[in-house]
Structure formats: structure tokens, C-alpha cells
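Some notes on the structure that comes next.
The values are calculated or read from the model by the stated rules, or taken from the named source; none is laboratory data. As the structure is a computational prediction, the values presented were derived from the model and not from experiment. Note that we place each Cβ from the backbone using ideal geometry, even for glycine, and neighbour counts take in every protein chain shown. Accessible surface areas use protein heavy atoms only, side chains included; no ligands, DNA or RNA. Shrake-Rupley method; radii C 1.70, N 1.55, O 1.52, S 1.80 Å.
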Amino acid sequence: MLVLAVDTATPSVTAGVVAVDGSSPEVLATLVTVDARAHGELLTPHILGALDDAGHALPDLDAIVCGVGPGPFTGLRAGMATAGALGHALGVPVHPVRTLDAIAAGTTGHLLVTTDARRRELYWATYADGVALTNPAVDRPADVPADAPRRAGTTLYGDVLTMPHTGEEYPTPLGLVTAALGQLDRPARPLVPLYLRRPDATVPGTRKRVTAP
Amino acid sequence: MSLVLGIESSCDETGVGIARLHTDGRIELLADEVASSVDQHARFGGVVPEVASRAHLEAMVPTMRRALAAAEVDLADIDAVAVTCGPGLAGALLVGVSAAKAYSAALRVPLYGVNHLPGHVAADTLQHGALPSPALALLVSGGHTQLLRVDDLATKITEVGSTIDDAAGEAYDKVARILGLPYPGGPPIDKAAAKGDPEAIRFPRGLTGPRDARFDFSFSGLKTAVARWVENRERDGLPVPVEDVAASFQEAVADVLTMKAVRAAHELGIGTMVLSGGVAANSRLSSLARQRCAEAGIELRVPRPRLCTDNGAMIAALGAHLVAAEVHPSPLDLSADPALPVTTVSV
Ligand SMILES: [Zn+2]
């Protein structure tokens, strides 16, 4: 089964083509650019480039695996809108994967995974042998539990989260597909973004006067 | 013959339109599906960009499916994809652009990143056919207030004038709030104004002095004048005649918009005017435009209300004009440009 993996929930514009035979994924091609402002621009070219490198084209795909965050909203949506439209146009399922799960996929032991949530906060979750112990959350670095002996994901706030950093900094095509292995032979779950924050919007109070009271 | 898909997501409407470009140049509208997030913005008194962007992502594929079903075509029949790449809200535009690029790549058809504003003009050609050259366009909505000279819808558009502060539709929203009317302000003010006296209060006409820019607009002063008038009434313990204020405000907006548009058509020697955008549906604006254009011997074209507001049909129509004019398609590394200048019809 030929799987396209995409994720735009971190500064990495990630696209890759992965062949899955039973439970063993093999990465055929990866195209990644780390640029938090280029998701909208580069993702589709990266997808086509990775397919080309793998000797394939879009119609060869059997499924798409898409990171659903948590991640900064605008970048996250670039990947999800792309994956959703590709899945529709190609008639293939789009399987959602939590981006933090993809970073933790295939790791062993107790691990903290963090990604940059901007506004001096981190998205985080903890794992045991790659299996999530907590749901993703967003907190200030000082409020993220520091009991895991290792961390992966962003290296930001190393002064607060002082355990050694091992593993991937960003989700990889291999991690995305590995995290999705249990769901690839089932109908795709709904593709819903993990925002974890409400939109910034305030209900207006009383109108400001233009004349002196 | 060519089937063109149009995707719009620049503000709070997720629109997908499908148009057929016939060999004789006629453009036929096959589908026009819109999912609006306007209700989600109402309690905030204006469009909240993040709320709009979230709604676009949720609505994009379902709206596309509805449009294909309405047009009774398959994705495989599509020959080109057009998408609004600016101007508009950055996060909102990005959803449409990302989806359009994916559809274009998957279907292996050309992609056209297009300007939203000429799209409003192209919408009129779906109803009234080809536009004579040159034509003048007056676009009035919550996001834009512009006078455009259209020499060629696909390639040559210049700005004649625009608002220097608020869009006319924004002034409607703000005045509605002053009068305790709901958001968006256009329809409730229009409704209240129908029962009021447009000459009850003489509100100022912005930028109409002898030395002011001849084709530009300003609505910020008008909004403040309305607020001041209402506050003075309240201070004096008098009731606020909502219907008269609405009618007088609406008269000031319609007066200055139509006066300047007719002036521009006259001075530029243009015989055809298109009035479009969400506020074009306003009853006083369209009736005054009709009256003044008739007096000045200008042909006025106003698309039906559904084509005036933001939708995918207008983008499909503009895409069809680009296909007909054999304009070069956009590259797949196209990105959204929230400040895309109106002179750039396609990227
Ligand atoms: Zn518009």
C-alpha cells in the first residue's frame, strides 16, 4: 500500500511517500523544508516532488496520513486543507494522526514530546514506548510536567525542561505512518484539527462615546 | 468548451462555483454553493479571522461535493481550477489556496490564482454577458469600496478610486451598532430606512469638497457624525428616531457613492457601469444608481443579489475569462497574498 504522509503542525513542511507492507513501513522519499511561513506555498510542490523522487504519481496513492496538530493554526490548516482536498480528488482515505504521536512513534521508554505553540507556550504529551499517556495539552514551559527522563520535539525552552533531548525534532513521514499503522485498514476517522485554544475574539462591550458625557 | 472550478475563501463565505466556458465565449453558471460563517461572527460585531478560517477548513470539501452534485459533473470533468489568492484575510485565503492547489495537482489541470475584486465584476458577466470595454465597476461591500476601470477583465484593470478609511459596509455595521440593530448592519438598516425620512438629518458627505480627491471615498467621518447625533439626542433626553437616522445615513452613503461613480464614468468617458459587492443589494444604493445612471446616459448593470455577495461563482467566472484569454496559469508554489493589488488580476 502506497501512503502519502503530510504534516504542517510545526515549522517543518513535511511530505513523504511510504510503502506499507503489513506492519512494516518503508520510506521511499521525503521532502522537508523547515520554514514556519512556507506551509501554504511549499506543501503541494513537496508532495509532487516526493512522489516524483519515489517514482510514483498522485494516482498511485492508496491512502493519505495527515498530521492534525496540535499546531499553530494557520500552518496546520495548510496541510489539512491540502490533504482533505487530495483525498477527495483521488478518492482515497485521509487518516488523521496527532502530530505529537508521530514524533513519539517508534520510541521506547518514558518520553515527553513538546512542540512550539508560540506565545511562550508548548504543546505537549507524554508517552511510554510510543504510546500516549496523556492527551495533548498546551501550557507554559514551567507548567509542563518534567518527570520524563527524555524529551523529543522542539528543543525550545531547554533551560526549563532540562532532560536530554533525543529523537525527532519534527514529525517525519515514517513517524506519521507508524503512528497510523493501526488504522490504515479501517475506514478513516474524521479529519478534525486539534486547536486546543479558542479563537482570539472578544464580545464588544458598551460602545465608546464620541461626545463628552 | 471548458469546465472551470472556482474556490473563494477570502472572508467569511466558503464558496465553490462551477462554470462552463462555451466555444462562443459565453460563460454558463452550473453551480454556486456557499457555506457562510456569518452567524458565528454576529456576537462579535464583525468578522473574526480565526473563526472564519476554522469554518473554511470545515466547509471546504463538503461545499465542493455539493457544488459537483448541483452541477451534475464529476471532478474528472473539471478542466481548470481558479481560486481567490487575495486580497482578504491571510488565514482564510490560505485554506482555499491550499485546497485549490491540491485539486489542481490531483486532477492535473491548470491552476489560476485570481484577484477577488475583478471576481465581483466577472460575476456580472454570468448574468448579463460580456462586458463592453472600457467599463467602470463600483464595488461596495463590508471589505471593499472601490471604483475600477475595466479595460479587459482578464488582463487590464486599474483603480480609479477607493476608500481612504472604512469600507461602506463597515460603516453600515458600525452605525447598526450605534442604533442597536444586529450585525451585519446592511439588511436591518435598509429595512429601518424604508420607514424613515432620508432628509430628516443632513449627515456629511465625505471627501466631496472642491479640493478633495475626486474619486476616493471616506466613511469614517459619517459614522462619527451619526454617533454624535445619536449621543446628543440621548443627552437631551429625546428618543432616537432610528428609522430617520437609518434613512439619512443610508442616503449619505448612496449619495456619495453614486455621485462619484457617475462623475468618474463621465470624466473617463465610460458608458457602462457595474455595481457589485454585498452592499449592491442595498435598495437605496441600487435605486439611486439606477436613477443617476439613467440621467447621465450610462448603462447600469447590477447582478442579482446572490451574485453580488462573495461566492465561488464569481471566481469560476473570472477563471473562465482567464482561460478564454489564454492567460498563463499560476505555479503550484502559489501563495495567498492578503494585500494583492487590484491591478494583478491573476498571479
Ligand atoms: Zn468581496
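Summary of computed values
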quantity: Residue match in segment B:214-233 (condition: open to solvent by 50 Å² or more (accessible area, probe 1.4 Å) and touching an Asp or Glu at 6+ places or on another chain (Cβ under 9 Å)); calculated: yes
quantity: Set B:51, B:16, B:47, B:38: member being touching a helix residue (DSSP H, G or I) at 6+ places or on another chain (Cβ under 6 Å), within 30 Å of residue B:176 (Cβ to Cβ) and at pLDDT below 95; calculated: B:47
quantity: Enumerated strands (runs of 3 or more DSSP E) restricted to segment B:95-184, each holding at least 2 residues that are within 13 Å of the ligand (Cβ to nearest atom), open to solvent by less than 10 Å² (accessible area, probe 1.4 Å) and modelled with pLDDT of 95 or more; calculated: B:111-115, B:135-140, B:145-152
quantity: The one condition in (1) in a loop (DSSP other than H, G, I, E, B); (2) open to solvent by 10 Å² or more (accessible area, probe 1.4 Å) that residue A:69 fails to fulfil; calculated: (2)
quantity: Check on residue A:170, open to solvent by less than 70 Å² (accessible area, probe 1.4 Å), at pLDDT 95 or above and away from every other protein chain (no Cβ under 14 Å); calculated: yes
quantity: Some residue of segment A:177-194 being open to solvent by 70 Å² or more (accessible area, probe 1.4 Å) and either touching a Gly at 6+ places or on another chain (Cβ under 8 Å) or within 14 Å of another protein chain (Cβ to nearest Cβ) (or both); calculated: yes
quantity: Residue identified as in a helix (DSSP H, G or I), of a type in the set (A, V, I, L, M) and either within 16 Å of the ligand (Cβ to nearest atom) or within 16 Å of the chain's Cα centre (by Cα) (or both) among B:288, B:275, B:307; calculated: B:307
quantity: Selection status of residue B:313, out of contact with any Phe, Trp or Tyr (no Cβ under 7 Å at 6 or more places or on another chain) and either more than 15 Å from the ligand (Cβ to nearest atom) or β-branched (Val, Ile, Thr) (or both); calculated: no
quantity: Condition check for residue A:145: touching a Ser or Thr at 6+ places or on another chain (Cβ under 8 Å), open to solvent by less than 10 Å² (accessible area, probe 1.4 Å) and either of a type outside the set (Phe, Trp, Tyr) or within 30 Å of residue B:103 (Cα to Cα) (or both); calculated: no
quantity: Residue match in segment A:150-163 (condition: within 14 Å of chain B (Cβ to nearest Cβ) and closer than 18 Å to residue A:12 by Cα); calculated: no
quantity: When residues of segment B:12-29 are limited to those that are open to solvent by less than 40 Å² (accessible area, probe 1.4 Å) and of a type in the set (A, V, I, L, M, F, W, C), the one farthest from residue B:185 (Cα to Cα); calculated: B:21
quantity: Selection count, segment A:164-186, where residues are more than 24 Å from residue A:15 (Cβ to Cβ) and either among the basic types (Lys, Arg) or under 21 Å from the mean Cα position of the chain (by Cα) (or both); calculated: 2
quantity: Any hit, segment B:67-83, residues being within 16 Å of the ligand (Cβ to nearest atom), outside the structural domain of residue B:165 (by the TED database), closer than 22 Å to residue B:321 by Cα and open to solvent by less than 30 Å² (accessible area, probe 1.4 Å); calculated: yes
quantity: Candidates A:10, A:33 - the one that is of a type in the set (Ser, Thr, Tyr), touching a strand residue (DSSP E or B) at 6+ places or on another chain (Cβ under 6 Å) and more than 14 Å from chain B (Cβ to nearest Cβ); calculated: A:10
